[in-house]
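Worksheet: the structure to be examined is printed underneath.
The values are calculated or read from the model by the stated rules, or taken from the named source; none is laboratory data. Bear in mind that the values here come from a model prediction, so they are computed numbers and not experimental data. A quick note on method: Cβ atoms are made from the backbone with ideal geometry, for glycine too, and the neighbour counts reach across all protein chains shown. Note: accessible area is taken over every heavy atom of the protein model, side chains too, but ligands, DNA and RNA are not part of it. Shrake-Rupley method; radii C 1.70, N 1.55, O 1.52, S 1.80 Å.
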Amino acid sequence: MNGKKILLGMNLEELQELVTGAGMQRFVGRQLAEWIYGKAVTTFDEMANISIRNKEWLKENCEIGRKAPAGVTESRDGTRKYLFKVYGGNLVESVYIPDHERATLCVSSQSGCKMNCYFCATGRMGFKCNLSAAEILNQILSVPGRSEKHLAPLTNIVFMGMGEPLDNWPEVRRALDVVTASWGLAWSPKRVTVSTVGKLPQLKNLLDETDVHVAVSVHTPLMEEREQIMPAQKAFPLKDVLNILRGYDFSKQRRLSIEYIMWMGVNDDMAHARALERLLHGLHCRVNLIRFHAVPGVNLRPCSEERMVMFRNFLNSKGITATIRASRGEDIMAACGMLAAGK
């Protein structure tokens, strides 16, 4: 709104072009990348090796783009939910999940979502806006591990928060580049997972242009049933999605996960287990079985632990690795499918 350039989200070449265009030496662009991404500073005054003259120009013409969370809520299990203000006064949430010396951040890529999955609180919000790469990266740089040394530092990032990441592919791709580049956060792509309903053709872009892990939301192997709870099935049929996935090698370091929320009396019986096994036959993947967390206005109930164990054991017996995902943050509305920006 003030006409200043936002530096967060720029790649190294763009930072170098910016500073040389202002009469600075090219190496200042790399210094900026180190301060913004490597040291996660929030002000230009913290950039000790940049001259006063250059800092004054940067202050007048640019903003770093960092914003502190608007709120933090902590669960009894240690999970933290962060609220961020984004474009147009909209809100998003991201979730920090500690696990001993490790921690995962569940990142949002949109405020609201266009996919309108029946069981998801974010989808029931409707779509508000796409996040910029700066707003995505700000979530990652603003959570524990830097200022709060008593908390575990981030070891993994999952794009499983609010929104469909592939519906905002240009900005998500830009953020992924920063996260994995040597001049950026320098993370291995094997520490990053992008989750999707299977949006095409952007799924192929994700597979071809990055090496991050991929998670696909399936939730039922029956196509008509899936269309009823996931309208995206009509636009992006699961069989088309799986045909694309079969063209890639997930037998080595890159991992493919199938997400499967389980509901009582809907998709938790042996008929669904067998149908899922047939659907995934020959595809190197693992299945994450997820407990359903109650969402206002949704007439679905979580299935029993016994059913989840039965489902898991059947898939494992057929050579498909299946696990039951631990539920975290339900008491603060931070568990899977519950993010709705404070609503």
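Of the residues His100, His284, His293, the one that moves most in a GNM of the chain with alpha-carbon contacts below 10 Å is His100. Restricting the trypsin sites (Lys or Arg not before Pro) of the stretch 173-249 to loop positions (DSSP other than H, G, I, E, B) with no more than 14 neighbouring Cβ atoms within 10 Å leaves Arg246. Placing unit charges on each Cβ (+1 for Lys and Arg, -1 for Asp and Glu) gives the chain a dipole about its Cα centre, and among Phe84, Met333, Ser257 the Cα reaching farthest toward its positive end belongs to Ser257. Straight-line cross-link partners of Lys39 among the lysines, defined as a Cα under 19 Å from its Cα and at least 8 positions apart when in the same chain: Lys55, Lys59, Lys67, Lys149. With all protein chains kept in place, the per residue accessible area of the stretch 190-248 amounts to 40 square angstrom at a probe of 1.4 angstrom. Net charge of the neighbourhood of Thr196, taken over other residues with C-beta under 12 Å away and scored Lys/Arg +1, Asp/Glu -1, is -1.
Projection of the Cα convex hull of the stretch 260-313, averaged over all directions and equal to a quarter of that hull's surface, yields 3.9 nm².
With all pairs of different C-alpha atoms in the average, the Kirkwood value for the hydrodynamic radius of the chain is 21.1 Å. Please report the base-10 log of the normalised intensity I(q)/I(0) for the stretch 209-257, using a Debye sum with one equal scatterer per alpha carbon and no solvent, at each q in 0.16, 0.26, 0.32 (1/Å). Log-scaled intensity ratios, in q order: -0.51, -1.00, -1.24.
Taking a ≥ b ≥ c as the square roots of the eigenvalues of the alpha carbon gyration tensor, the stretch 124-225 is prolate, as a/c is not under 1.5 and a/b beats b/c. Using the alpha carbons alone, the radius of gyration of the stretch 20-95 stands to its Kirkwood radius in an Rg to Rh ratio of 1.12. The string of couplings for the stretch 310-320 from the Karplus curve (6.51, -1.76, 1.60, θ = phi - 60°) is 4, 4, 4, 5, 5, 4, 4, 5, 9, x, 9 Hz, one whole number per residue in order, with x for Gly and Pro. Under the simplified labelling scheme, the Met223-Glu306 pair shows an inter-label distance of 3.5 nm, with each label point 7 Å from Cα along Cα→Cβ.
Protein heavy-atom surface of the stretch 211-299, 1.4 angstrom probe: 49% of the accessible area is carbon and sulfur, with nucleic acids and ligands not counted. One Cα centroid belongs to the stretch 271-326, the other to the stretch 60-121; the line between them spans 27 Å. Segment Lys239..Lys5, full-extension length gain: 79.9 nm, with 0.36 nm per residue of separation and the alpha-carbon distance subtracted. Calculated on the alpha-carbon coordinates, the convex hull of the stretch 37-191 measures out at 133 cubic angstrom per residue.
For the pair Glu63 and Asn313 in one chain, pulling the backbone fully straight at 0.36 nm per residue adds 84.7 nm over the alpha carbon distance. Other residues with beta-carbon under 9 Å from the beta-carbon of Asp331 carry, at +1 per Lys or Arg and -1 per Asp or Glu, a net charge of -1. Cysteines in the chain lacking any other cysteine Cβ under 4.7 Å from their own Cβ: Cys62, Cys106, Cys113, Cys129, Cys285, Cys303, Cys336. Think of the chain as a dipole: +1 on every Lys or Arg Cβ, -1 on every Asp or Glu Cβ, centred on the Cα centre; then among Ala133, Gly282, Gly71, Gly282 lies furthest on the positive end.
Within a straight-line Cα-Cα reach of under 17 Å, Lys128 can be paired with the following lysines, leaving aside sequence neighbours fewer than 8 residues apart in one chain: Lys85, Lys114, Lys343. Between Arg246 and Ala22, the FRET efficiency from the beta-carbon distance, with R0 = 56 Å, is close to 0.70.
The H on the amide N of Ala215, modeled in the peptide plane, is under 5 Å from the matching H of Val194, Ser195, Thr196, Ser257, each at least 5 residues off or on a different chain. Computed on the Cα atoms alone, the convex hull of the stretch 186-339 gives a volume of 124 cubic angstrom per residue. Which FRET efficiency value, to the nearest 0.05, is calculated for Gln253 and Asp77 with the Förster distance at 30 angstrom and r the Cβ-Cβ distance? Step by step, r from the Cβ atoms, then E = 0.50. The accessible-area ordering, largest first, of the residues Ile261, Ile324 stands as Ile324, Ile261, per a 1.4 angstrom probe. A simple rule links phi to the HN-Hα coupling: the Karplus curve 6.51 cos²θ - 1.76 cosθ + 1.60 with θ = phi - 60°, which for the stretch 63-80 gives 10, 5, x, 8, 9, 5, x, 7, x, 9, 10, 10, 7, 5, 8, x, 5, 10 Hz, with x for Gly and Pro. As a check on your grasp of the helix formula, calculate [θ] at 222 nm for the chain: sum -39500 (n - 2.57) over DSSP H runs of n ≥ 4, divide by the residue count, round to the nearest 500. That calculation yields -8500 deg cm²/dmol at 222 nm.
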